[in-house]
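The structure appears right after this line, and notes come after that.
The values are calculated or read from the model by the stated rules, or taken from the named source; none is laboratory data. Here the structure is a predicted model, which means the values were calculated and not measured. Positions of Cβ are backbone-derived with ideal geometry, glycine not excepted, and every protein chain shown enters the neighbour counts. Areas reflect the complete protein model, heavy atoms only, side chains present, ligands, DNA and RNA absent. Shrake-Rupley method; radii C 1.70, N 1.55, O 1.52, S 1.80 Å.
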Amino acid sequence: MKDARERPTESNPQKVKVLMTEFVTHDVKRFIVEKPKDYSFIPGQANLVSLNNDQWDDELRPFTFTSLNEDEVLEFTVKTYPSHDGVTTRLHDLEPGDELVIRDPFGTIIYEEPGYFIAAGAGITPFIAIFRHLRNHGRIKDNFLIFSNKTRKDVILEKELKEFFNEHLILTLTQEKLSGYEHGRIDKDFLQKYLKDPNRTVYICGPSGFLKAMKSAVEELGFPEKKIVLEKFVWMDIQ
């Protein structure tokens, strides 16, 4: 059953302890935190997170769950931006025992049927829980992923994605040319090589400019709007 909360919500704040952190790329960390009793979400959803301290407790940021609902803990996979002394930088400084405040889940990137996934950078994170859920239920093989990054070192969970998708994975790098990777930005011509069936669903996630460009490109390729799934609260805010 789909959750009706499409926009971020500040309801039901709950403190949770950080249990573990580790780098998954040079600037991306996974955070394992406590899971409150009876807390549930759908793969692809996020929630508003804040640091539990007086200086940053009113700075709320949306982060996607990369764990599964049946897991006994929650996991977030978060990229930091060192040039900005903001929430993600402070988050990366947290250690086990520190506390976060989480809230009720929200989001509209909900898996509907097999299709094409298109992501850029940290935009892969809402898809990770979806992919893990599909893998666990033997339903991932009919899906296809196109994932854009600047360089190979920026690719989040590359090994896991290759295990999920095999030949149904296209990795493209915009600032590096390497064997086994496409080179260049994703545009209409790029997508035309891989998106062959306009009756399939297309799932898109990434920065706002990327969302606009990808939605326009797939519509030009003949995909109807009803077959395009993206984060509605982001899309509404950039219109």
### Query
At q = 0.21, 0.23, 0.32 Å⁻¹, what is the log10 ratio I(q)/I(0) for segment 126-171, with the Debye formula run over Cα points and no solvent?
-0.68, -0.81, -1.36
### Query
Rule-of-thumb check for segment 90-173: C-alpha Rg over 2.2 N^0.38 Å?
1.25
### Query
With N residues in segment 28-151, what two-decimal value do you get for its Cα radius of gyration over 2.2 N^0.38 Å?
1.10
### Message
Over the chain, with a Gaussian network built from C-alpha contacts below 10 Å, which listed residue (Val73, Val24, Val229) shows the highest mean-square fluctuation?
### Response
Val73
### Query
Does anyone have the angle between helix 208-220 and the longest principal axis of the chain? Alpha-carbon axes, 0 to 90°, nearest 10?
30 degrees
### Task
Springs between alpha-carbon atoms under 10 Å, Gaussian network over the chain: tell me which of Ala129, Ala213, Ala46 tops the mean-square fluctuations.
Ala213
### Query
Normalised by the residues of segment 1-78, what does the relative contact order come to in percent, with Cα pairs under 8 Å and at least six apart?
29 percent
## Note on the structure
The local net charge around Val18, scoring Lys/Arg +1 and Asp/Glu -1 for residues other than Val18 whose Cβ lies under 14 Å from its Cβ, equals -1
### Message
Need one number: % antiparallel among DSSP beta bridges in the chain, to the nearest 5.
### Response
55 percent
#### Entry: Heavy-atom accessible area per residue - the chain, 1.4 Å, Å²
50 Å²
### Message
I'd like the orientation of helix 125-136 relative to the chain: the angle between its Cα long axis and the longest Cα principal axis, in ° from 0 to 90, rounded to 10.
### Response
80 degrees
## Note on the structure
Taking protein heavy atoms only, a 1.4 Å probe, and rounding to whole percent, the accessible area of the chain owed to carbon and sulfur comes out at 46 percent
### Query
Equivalent-ellipsoid semi-axes (√(5λ), Cα gyration tensor) for segment 148-239, whole Å, largest first?
23, 16, 13
### Task
For the chain, with a Gaussian network of springs between Cα atoms less than 10 Å apart, report the residue from Phe190, Phe144, Phe131 with the top mean-square fluctuation.
Phe190
### Message
Placing unit charges on C-beta atoms (Lys and Arg positive, Asp and Glu negative, everything else neutral), compute the dipole magnitude of the chain about its Cα centre in debye, rounded to 20.
### Response
800 debye
## Note on the structure
When all Cα-Cα pair distances of the chain are considered, the percent exceeding 27 Å is 34 percent
